[in-house]
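Here is the structure we will look at.
Where a number appears in this text, it was derived from the coordinates with a stated rule and is not lab data. Note that the structure is a prediction, hence the values are computed from the model and not measured. Here the Cβ positions follow ideal geometry from the backbone for every residue, glycine too, while neighbour counts run over all protein chains shown.
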Amino acid sequence: MSTPSALAMILAGGASPELSVLTEVRSEAALPFGGKYRIIDFPLSNCVNSEIYNVAVLTQYQPRSLNEHIGIGRPWDLDRAHGGVHLLQPYLSRPGETGAWQEGTADAVRFHLDFVREQSEELVLILAGDHIYKMDYRPLLRYHVEQRADVTIAVRSVNPYEAHRFGMVTADPDGRVTHFEEKPRRTRSTLASMGIYVFSRELLISWLTGKGKHHRDFGREVIPGLLAEGKRLYAYTFLGYWMDVGTVQAYWEANMALLAETPALDLHDPEWVIHTKSEERPPVLLGPHAQEDTCLLSDGCRIEGTVIRSVISPGVHVAEGAVVRDSILFTDTEVRPGAVVDRCIVDKYVVIGEGAQVGSGDDNTPNREMPHVLNTGITLIGKGAQIPPEIVIGRNCVVHPYVKARKLAGKSIPSGTTV
């Protein structure tokens, strides 16, 4: 059968406290990944590679970076007179109204039902904007139609110990969903919702304006509500790579996994290109004394020191005598001579001063303000921070964006500290 047409709605508006300072100045969907990409590039590329060219991106929290990255959608062939990419923000619907804050995933879609009504597609594909994966949505859409489903949920198998992070789905042998639990403490199910839903357009509109008009979230309320009403919900099993990078540890691991000899996520696949907004940068420059081992190096990098098992974004400069290990460095960061950066995530435009040691020592004391987020030795340096020369910063530390060197000068930052 031919593939039915669909409107894609990418939910990219939530804050992400589990990513700490990495999302203090941007939404999670705008977070750099794999050197040259942003997380939003993956669902956008999946859409165009699946021949879906009518895409809405629903933004809210810190949208400027995301909006600038997407622009009119040209890198994804979404700069079209008909369809294309639409950036949708919350708004006040009448004079004198106070508050227009979207309170959940379903509430975000409800804000823009006027847009949904104007589209010609019979199906609506709801996507999360904060997951890393490559997926052809066409088999999912065909499955939805073949099953005469009201809603189809994309699912994947997970370790039972991870069930508390996901909506867990139970389905009968025919794939029809019989039970759904949002982030249960215990469950016998091993099928986790990927946050990818196909809705019949009319059902979506009628539910969010009718019986589900007070529902704020798809996982917590809409899906259980539709099940209780006896609607036809089906589970579609996805077998490919998929990663929720909503925590510091998951984000770091997903980047480091790209350095494997045969990575599970192949960014070099010519059959499924991940498109992004490219910058006009010169080629990578390796200096005469540079040492590099198992790294991703992006355009515009100048490596004159030592870089080991690290992901390096465009324009990064690692000076002679500097060492970067097991780290992720964002765009235009500068690591000056003699500095050591070990097991860190360093945001854009950061300057690491001469002789500074960032991520130093063997003390893995969890971060005092966020012990559940930072407890594996990863240190975070926020956007635009200035790290003074010779300073020692321990593990599980956080330096907030735009901290000036004079604030830290002459100090030693012990493990587990936030400044």
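Ordering Pro401, Gly359, Val323 by the projection of their Cα atoms onto the charge dipole of segment 285-413, which places +1 on the Cβ of Lys and Arg and -1 on the Cβ of Asp and Glu, puts Pro401 at the extreme positive end.
So, in Å, what gap is there between the alpha-carbon centers of segment 367-419 and segment 1-77? Distance between centres, Cα-based: 29 Å. For the chain, a crude dipole built from +1 on the beta carbon of Lys and Arg and -1 on the beta carbon of Asp and Glu, taken about the Cα centre, is about 960 debye to the nearest 20.
Starting from the Cα gyration tensor of the chain, take the square roots of the eigenvalues, sort them a ≥ b ≥ c, and report rounded, prolate or oblate (rounded when a/c is under 1.5, otherwise prolate if a/b is larger than b/c, else oblate). It comes out prolate by the Cα gyration axes. Annotation: the residues Lys277, Lys407, sorted from fewest to most other C-beta atoms within 10 Å of their own C-beta, follow the order Lys407, Lys277. The phi-based Karplus calculation (6.51 cos²θ - 1.76 cosθ + 1.60; θ = phi - 60°) puts the 3J(HN,Hα) values of segment 322-331 at 7, 10, 10, 10, 6, 10, 10, 10, 7, 3 Hz, whole numbers, x for Gly and Pro. A straight chain from Asp332 to Ser5 at 0.36 nm per residue would run longer than the Cα-Cα distance by 113.6 nm.
The sum of -39500 (n - 2.57) across all DSSP H runs of n ≥ 4, divided by the residue count of the chain, sets its helix-only mean residue ellipticity at 222 nm to -4000 deg cm²/dmol. Along the axis of the charge dipole computed for the chain (Cβ charges of +1 for Lys and Arg, -1 for Asp and Glu, origin at the Cα centre), the listed residues Ala149, His112, Ile10 are led at the positive end by His112. Measuring between their Cα centroids, segment 269-331 and segment 115-135 lie 34 Å from each other.
Please report the relative contact order for the chain, taking Cα pairs under 8 Å with a sequence separation of at least 6, and give it as a percent rounded to a whole number.
It rounds to 13 percent for the chain.
Between the helical axis of 248-257 and the dominant principal axis of the chain, each derived from Cα atoms, what acute angle in degrees is found, rounded to the nearest 10? Long axis of 248-257 versus the principal axis of the chain: about 80 degrees. Taking other C-beta atoms within 10 angstrom as a stand-in for reagent exposure, Asp266, Asp130 fall in the order Asp266, Asp130, fewest first. Residues whose amide H comes within less than 5 Å of that of Thr237, counting only those at least five positions distant or on another chain, are Val155 (H built at 1.01 Å from N in the peptide plane). A Förster radius of 35 Å combined with the Cβ-Cβ distance from Thr190 to Thr262 puts the calculated FRET efficiency at roughly 0.85. Distances between placed amide hydrogens fall under 5 Å for Val307 paired with Gln291, Glu292, Asp293, Val324, all partners being 5 or more residues away or on another chain.
Only Cα pairs under 8 Å and at least 6 apart count here; give the relative contact order of segment 285-413 as a rounded whole percent.
Numbers: 414 pairs, mean separation 20.4, N = 129.
Over segment 285-413, the number comes to 16 percent.
For Glu182, nonlocal amide neighbours, meaning residues 5 or more places apart or on other chains whose placed amide H falls under 5 Å from its own, are Met168.
Derived scalar couplings between HN and Hα for segment 5-17 equal 6, 8, 8, 9, 10, 9, 7, 10, x, x, 6, 9, x Hz in order, rounded to whole Hz, by the Karplus curve 6.51 cos²θ - 1.76 cosθ + 1.60 (θ = phi - 60°), x for Gly and Pro. Gain on full extension, evaluated as 0.36 nm per residue between Ala81 and Glu279 minus their Cα-Cα distance, stands at 68.8 nm. By the count of other C-beta atoms within 10 Å, a proxy for reagent exposure, His179, His69 are ordered fewest to most as His179, His69.
Distance between the 7 Å Cα→Cβ label points at Glu182 and Phe115: 2.2 nm. Taking the 0 to 90 degree range and rounding to the nearest ten, how far is the long axis of helix 137-146 tilted relative to the main principal axis of the chain, both from C-alpha atoms? Roughly 20 degrees, rounded to the nearest 10. Here the Karplus curve 6.51 cos²θ - 1.76 cosθ + 1.60, taken at θ = phi - 60°, turns the phi angles of segment 299-312 into couplings of 3, x, 6, 10, 10, 10, x, 10, 10, 10, 6, 9, 10, 10 Hz, with x standing for Gly and Pro. Label positions at Arg142 and Ile308, each projected 7 Å from the Cα along the C-beta direction, are separated by 4.9 nm. FRET efficiency for the pair Tyr91 and Val419, taken as 1/(1 + (r/R0)^6) with r the Cβ-Cβ distance and R0 = 51 Å, rounds to 0.85.
What number comes out for the charge environment of Thr178, summing +1 per Lys or Arg and -1 per Asp or Glu over other residues with Cβ under 13 Å away? Counting the neighbours of Thr178, the net charge comes to +1.
Per the Debye calculation on segment 328-419 with a single equal scatterer at every Cα and no solvent contribution, log₁₀ I(q)/I(0) for q = 0.12, 0.16, 0.20, 0.22 Å⁻¹ amounts to -0.29, -0.52, -0.83, -1.02.
Computed as a quarter of the hull surface, the mean projected area of the alpha carbon convex hull for segment 100-147 stands at 4.7 nm². The relative contact order of segment 291-356 comes to 24 percent, based on Cα pairs under 8 Å that sit 6 or more residues apart.
Shown is the FRET efficiency for Lys213 and Trp272, computed with R0 = 45 Å from the Cβ-Cβ distance and rounded to the nearest 0.05: 0.70.
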